[in-house]
Amino acid sequence: MNIDRLFIIDSCLRDTTRTWTLQDLIDQCGEAMNNSKRSIQGDLELMRKHFDAPIEVKDRKYYSYSDPTYNLASQQLKEEEKANILDLIDSLRNFCRFDTVKPLLNEINKLSDKMADTLSVPRLPRQLGLSAKKPTDIRFWVDVEYVEHILRHPIHPTMEIEQYEFDGSANFVVHTVLSAKLISWAESYKGKVLLKI
């Protein structure tokens with residue numbers, strides 16, 4: 001996903017003073033981004049499916065928004081994207097173990113807290129640590145509705161079932177670090193997956 005390119009396309013489609021062909025969009029994105037017809041078409045499809053962009057094609061040639069009030073910047077981020085942002089902050093925190101970067105640790109911690117509030121995701125308890133800490137056993141409960149799904153799509157290679165409950169729900173365990181991504185993943189199941197920290 002090329003975020004810069006998506007916002008260039010969005011800016012074009014919000015400009016109703018002219019019409020936009022596929023070649024126009026390619027030209028606007030510029031040669032520096034190594035664009036192609038296929039990449040721009042992929043971006044348009046991504047905007048439709050992932051960001052609910054109301055893109056329409058008139059006369060099988062001209063691209064525009066059917067809703068003139070649509071703005072890419074105002075769209076909500078998906079849970080996976082929120083987790084990726086927090087994982088990036090976690091990575092920055094890892095580098096703070098080097099003396100040359102260590103003075104930035106307090107600022108990165110403040111940024112982490114601010115982003116957690118802004119993105120409305122659970123804040124990791126400081127005492128439990130983040131990706132800079134060693135892996136540990138993390139247990140979580142899964143509602144019967146999602147047990148088979150979780151088994152088919154494990155969150156981590158070490159994941160295994162510890163115990164089934166009488167109602168068909170199950171207790172799982174993974175040996176990994178406690179990360180924002182893991183917490184956000186559990187939160188995405190709306191109470192059907194609960195971390196037992």
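Just so it is clear, none of the values below were taken in a lab; they were calculated from the coordinates. Not measured: the values here are computed from a predicted model. Ideal geometry is used to build each Cβ from the backbone, glycine not excepted, and the neighbour counts take in all protein chains shown.
Observations
- Residue order, fewest to most surrounding Cβ atoms within 10 angstrom, among 164, 70: 164, 70
- A Cβ-based charge dipole, computed about the Cα centre of the chain with Lys and Arg at +1 and Asp and Glu at -1, lands at about 420 debye.
- Here 29, 96 are placed in order of increasing Cβ neighbour count within 10 Å, fewest first, which gives 96, 29.
- Least to most buried among 98, 172, 51 (fewest other Cβ within 10 Å first): 98, 51, 172
- Members of 110/134; 49/78; 82/114; 114/196; 58/78; 37/61 lying beyond 19 Å, as alpha-carbon distances in this model show: 110/134; 114/196; 58/78
- Applying 1/(1 + (r/R0)^6) with R0 = 30 Å to the Cβ-Cβ distance of residue 194 and residue 52 gives a FRET efficiency near 0.55.
- Cα-based equivalent ellipsoid of the stretch 79-196: semi-axis lengths in Å, sorted from largest, via gyration tensor: 30, 15, 10
- The stretch 147-197 - charge dipole about Cα centre, Lys and Arg +1 at Cβ, Asp and Glu -1, debye rounded to 20: 240
- At q = 0.08, 0.15, 0.16 Å⁻¹ the log10 of I(q)/I(0) for the chain amounts to -0.42, -0.98, -1.02, computed by Debye summation with a single uniform scatterer per C-alpha, solvent ignored.
- Dipole of the chain [Lys/Arg +1, Asp/Glu -1 at C-beta], most positive-end residue of 29, 88, 13: 88
- Computed magnitude of the charge dipole of the stretch 3-74 (debye, nearest 20; Cβ of K, R +1, Cβ of D, E -1): 220
- Measuring r between the beta carbons of residue 117 and residue 74 and using R0 = 25 Å, the FRET efficiency lands at 0.85.
- Using the Cβ-Cβ distance between residue 14 and residue 61 with R0 = 22 Å, the FRET efficiency computed as 1/(1 + (r/R0)^6) comes to roughly 0.70.
- Taking 7 Å steps out from each Cα toward its Cβ at residue 95 and residue 23 produces label points 4.3 nm apart.
- Peptides 139-147, 181-189, 13-21 ordered by average Cβ neighbours within 10 Å, highest first: 181-189, 139-147, 13-21
- Gap separating the Cα centres of the stretch 92-112 and the stretch 8-79, nearest whole Å: 37
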